[in-house]
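One structure below.
The values are calculated or read from the model by the stated rules, or taken from the named source; none is laboratory data. None of the values given here were measured: they were computed from a predicted structure. Because the Cβ atoms are built from the backbone with ideal geometry, glycine has one as well, and the counts that use them run over all protein chains shown. When the accessible area is computed, the model is the full protein with side chains, heavy atoms only, and any ligands, DNA or RNA have been set aside. Shrake-Rupley method; radii C 1.70, N 1.55, O 1.52, S 1.80 Å.
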Amino acid sequence: MKTVSSLLDDHWYERYRKISKLNIRSSIYDVTNRCNLRCKGCFFFSSGEHKAADEEMDLGRWETFIDSEMQRGVNLAILIGGEPTLCLDRVEAFYQRLPTFCATNGLIRVPRDRFPDMMIGISLWGSETDETVLRGKDTFSISSKHYAGDPYTYYLYTITPKQIGKTERIIRKIRDVGLKVHMQLLSNDEGVDGFSWSPEELDAIRAEMDAMLDAYPETVISSKYYHEIITTGKMLGRPFGWMECPSVTITMDNRDPRPRRLTNFIRWASDLKTMHRCCTSETRDCSTCKDGAAHMSWVMVNKRAHMRSTKDLQNWIEIYEMFAKLYQFIPW
């Protein structure tokens, strides 16, 4: 029988050992229904999730809720919205209690005297032109001034088909302000003309993402196996979709047979009662979903399937390390 120790040499086994004891158990929280941008392709607004529940305004109820989430076993709070920085008191309620990641558009600076080591992921949707078309403004010009050189911040660079052949300029800009970057792909939930992927474009961007990782290994937090999965939608020959996704809210998971999934995962609405279907939206077609975190998690929960060869298990380790770095369970 193949075992981890039989498949790995000492170097890889030590890498495996460091991540095997992390036991990351995350859930996602809509901190607010409000945002200071309206991006074309934002799953939260395009799906109507901002109307699914009224915000809980009582901070004490947030604190009680977070305590109950910790009792449920959550050890990573992923804060989204809306724009979480519009409600820093709620963000602080999470941060004071458990490891917290805040996804933001970067227009409001998180005060580091209040949140000294909270992980921050800044959304970036490409070039100045793409950002203006999709988001209404060039956010990088603002966010890069807020967070230049911050060791607990990185850019979540959402690549669109318009950026094929142009990603290096963006990566260099991020490098030059002293930050890291993680690449993902636009799912184009609102069908903006010219921003949907063709198979040929996915092949091209995969090669480009690989080249960026090779050229900027100190800046790009990624792996070539992740690039393969996010562009092909396949893992070990299995297609991604509803019957494979690990990031489905547990109370809504009626799949039979139930696939490998994140332990007790829930995506909560801002009323602290309503639950959303998954880590993105109920209106998204799972077969075309390109959500980076969902695909990373898909690999992570399928360790046994990756124990068919040394290379497969090494690929699994690289994905797990990438996820752990992005949420600062292990250092860059």
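Lys and Arg at +1, Asp and Glu at -1: add these up for the other residues within a Cβ distance under 15 Å of residue 82 and post the number. Each step should come with its number before you reach the end.
Working: positive: 34, 38, 51, 90, 135, 267; negative: 30, 49, 54, 55, 56, 83, 89, 271.
Charge balance near residue 82 sits at -2.
Between 62, 310, 163, the Cα set farthest toward the positive side of the dipole of the chain (charges on each charged residue's Cβ, about the Cα centre) is that of 310. Counted by Cβ distance under 13 Å from residue 17, the other residues give a net charge of -1, where Lys and Arg count +1 and Asp and Glu count -1. Considering helices alone, the calculated mean residue ellipticity of the chain at 222 nm is -10500 deg cm²/dmol, with DSSP H runs of length four and up weighted by -39500 (n - 2.57) and normalised per residue. Size descriptors for the stretch 17-119: radius of gyration and Dmax over Cα atoms are 14.3, 44 Å. So which cysteines in the chain don't have a second cysteine's C-beta under 4.7 Å from them? Lacking a cysteine Cβ partner under 4.7 Å: 35, 87, 102, 245, 278, 279, 286, 289. Mind checking the log10 I(q)/I(0) for the stretch 143-215 at q = 0.28 Å⁻¹? Debye, one equal scatterer per Cα, no solvent, two decimals. Results for the stretch 143-215 at q = 0.28 Å⁻¹ read -1.28.
Taking the alpha carbon gyration tensor of the chain, multiplying each eigenvalue by 5 and rooting it gives semi-axes of 28, 25, 21 Å, largest first.
Convex hull volume of the Cα atoms of the stretch 237-332, normalised per residue: 121 Å³. Which entries in the list 137/290; 40/137; 18/234; 145/173; 180/224; 2/290 go over 20 Å, if you measure between the two C-alpha atoms of each? Too far apart for the 20 Å limit: 137/290; 18/234; 2/290.
Give me, ordered by chain and number, the residues 5 or more places off residue 235 or on other chains with an amide H under 5 Å from its own placed amide H. Residues meeting the amide H criterion: 240. Here the Karplus curve 6.51 cos²θ - 1.76 cosθ + 1.60, taken at θ = phi - 60°, turns the phi angles of the stretch 136-142 into couplings of x, 6, 7, 6, 4, 4, 8 Hz, with x standing for Gly and Pro.
Rounded to the nearest whole Å², what accessible area per residue is found for the chain with the 1.4 Å probe? Each step should come with its number before you reach the end.
Numbers: 14020 Å² over 332 residues.
That works out to 42 Å² per residue.
Residue by residue, the stretch 166-180 carries 3J(HN,Hα) couplings of 10, 5, 4, 4, 5, 4, 5, 4, 5, 4, 5, 9, x, 10, 8 Hz when phi is fed to the Karplus relation 6.51 cos²θ - 1.76 cosθ + 1.60 (θ = phi - 60°); x denotes Gly or Pro.
Taking a Cβ cut-off of under 9 Å around residue 34, the surrounding Lys, Arg, Asp and Glu residues balance to a net charge of -2, with basic ones at +1 and acidic ones at -1. As a rough guide to protection, the peptides 190-203, 230-243 ranked by mean Cβ packing within 10 Å, highest first, stand as 230-243, 190-203.
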